[in-house]
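Please treat every number below as a calculation from the coordinates, not as lab data. Quantities reported herein were computed from a predicted structural model and do not represent experimental measurements. Note that each Cβ is placed from the backbone with ideal geometry, even for glycine, and that neighbours are counted across all protein chains shown.
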Amino acid sequence: MKHAVSTLIYLTLLMVSCFTHADNASYIVCIACHGEDGAGAVSQNSPAIAGLDKQYIKRQLENYQSGARGAAKGDISGGIMRAIATSLTPEKIQDVSSYVDSMPRPILSESITGDIEAGRRLYGTCAACHGSDAQGLPALNAPSLVLQQDWYLVTQLKNFKNGQRAYESSDVFGRQMQPMALILVDDDAINDVVAFIGTLRQKDN
Ligand code: HEC
Ligand code: HEC
């Protein structure tokens, strides 16, 4: 009897792991650039994606697919991701977004330095949408910034500023973010706010 019960538990666990793997299958195509752990790689300009909110991931994949993101002239990295996104069916987008959301948060290290106190003051504006801890507020469609690589935050803030992101009116949420990037007047301001966000990441690790 004891043996039968443990066999049953074993079989249940096996089934659960099979289902998890079924989910995982949708992620295999992403590994080459975003890594097994979803932390991304600076050498490929590919961001961290593990643990991001599934609605945010889904929207980005749909935006790349429709050309609302990644189709701006000169945006090489966006173009690479756009090519991948255009190969995904709506079901695949749904599956991979849920799977990536469920991945454990990646271990990230800091690479950007700046004036933390100046960054803290600048972040006051950002907190309204991204939260005081930068964990993101899904109700406002604002993603977590602490789950993201710092160099990628810098790139994206520049992309918003120079119109390589949020260039389409259909990119409603990108359009909400764009004016916020414009309050960061120069590269120092961008580095300062990103360096401050790094301190929030260290705090909650
Ligand atoms: C050939 C390399 C490559 C592959 C494969 C790839 N990506 Fe990407 N991905 C990138 C790059 C580069 C970027 C940055 C694009 C940019 O700057 O807009 C990116 C950006 C993203 C973003 C935007 C993140 C953000 O916060 O702005 C998401 C989401 C994403 N990828 C998900 C995926 C998923 C899911 C898969 C697998 C189905 C995948 N990617 C496969 C290279 C890749
Ligand atoms: C009015 C609300 C709002 C404010 C204020 C705001 N953001 Fe955002 N932010 C958003 C939304 C919404 C998105 C998601 C856009 C999308 O879906 O493409 C976003 C996206 C971003 C991204 C892209 C992240 C990624 O993974 O690609 C960065 C970086 C960012 N915000 C930084 C900031 C910083 C820094 C500030 C303060 C200077 C700020 N935001 C202020 C709403 C806001």
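Descriptive notes on the structure:
- About the Cα centre, charge dipole magnitude for segment 2-204 (Lys/Arg +1, Asp/Glu -1 at Cβ), debye: 380
- Taking other Cβ atoms within 10 Å as a rough exposure proxy, Val96, Val42 sort from fewest to most as Val42, Val96.
- Between Leu182 and Glu110, the FRET efficiency from the beta-carbon distance, with R0 = 25 Å, is close to 0.50.
- Placing +1 on the Cβ of every Lys and Arg and -1 on the Cβ of every Asp and Glu, with nothing else charged, gives segment 48-110 a dipole about its Cα centre of roughly 160 debye.
- Local electrostatic count, Ser77, Cβ distance below 14 Å [Lys/Arg +1, Asp/Glu -1]: +4
- Burial ordering of Lys73, Lys92, Lys58, fewest other beta-carbon atoms within 10 Å first: Lys73, Lys92, Lys58
- Order of Phe160, Phe173 under a 10 Å beta carbon neighbour criterion, fewest first: Phe173, Phe160
- Whole-Hz ³J(HN,Hα) from phi, Karplus 6.51 cos²θ - 1.76 cosθ + 1.60, for segment 83-100, glycine and proline x: 4, 5, 4, 5, 8, 9, 7, x, 5, 4, 4, 4, 4, 5, 5, 5, 5, 5
- Lysine pair count for segment 2-204 with Cα-Cα distance under 29 Å and sequence separation of 8 or more or different chains is 15.
- Per-residue extension of 0.36 nm, minus the Cα-Cα distance of Ile84 and Lys158, leaves a gain of 24.4 nm for this segment.
- Distant-in-sequence amide H partners of Ser46 (H built 1.01 Å from N, under 5 Å): Ala41
- Full-extension gain in nm, Gln55 to Glu36, via 0.36 nm per residue minus C-alpha separation: 4.7 nm
- Computed extension gain for Ala118 through Ser102, at 0.36 nm per residue and net of the alpha carbon distance, reaches 2.3 nm.
- Neighbour count of at most 15 Cβ within 10 Å plus DSSP loop: longest GluC sites (Glu not before Pro)-free window in the chain: 111-205
- Phi angles of segment 120-134 translate, via the Karplus equation with coefficients 6.51, -1.76, 1.60 and θ = phi - 60°, into HN-Hα couplings of 4, 5, 4, 5, x, 5, 5, 4, 4, 10, 8, x, 5, 9, 6 Hz per residue; Gly and Pro are given as x.
- Here's the picture: charge each Lys and Arg Cβ at +1 and each Asp and Glu Cβ at -1 in segment 2-204, and of Tyr56, Ile76, Ile112 the one pushed furthest to the positive end of that dipole is Tyr56.
- Residues whose amide H lies under 5 Å from that of Ala142, counting only those 5 or more places away or on a different chain, are Leu137; hydrogens are built 1.01 Å from N in the peptide plane.
- Label reach from Ile28 (point 7 Å along Cα→C-beta): in segment 93-128, amide nitrogens under 15 Å belong to 96.
- Over all Cα atoms in the chain, the spread is summed up by Rg and Dmax: 19.0, 71 Å.
- Residues with amide H under 5 Å from that of Asp115, placed H, sequence gap 5 or more: Asp192
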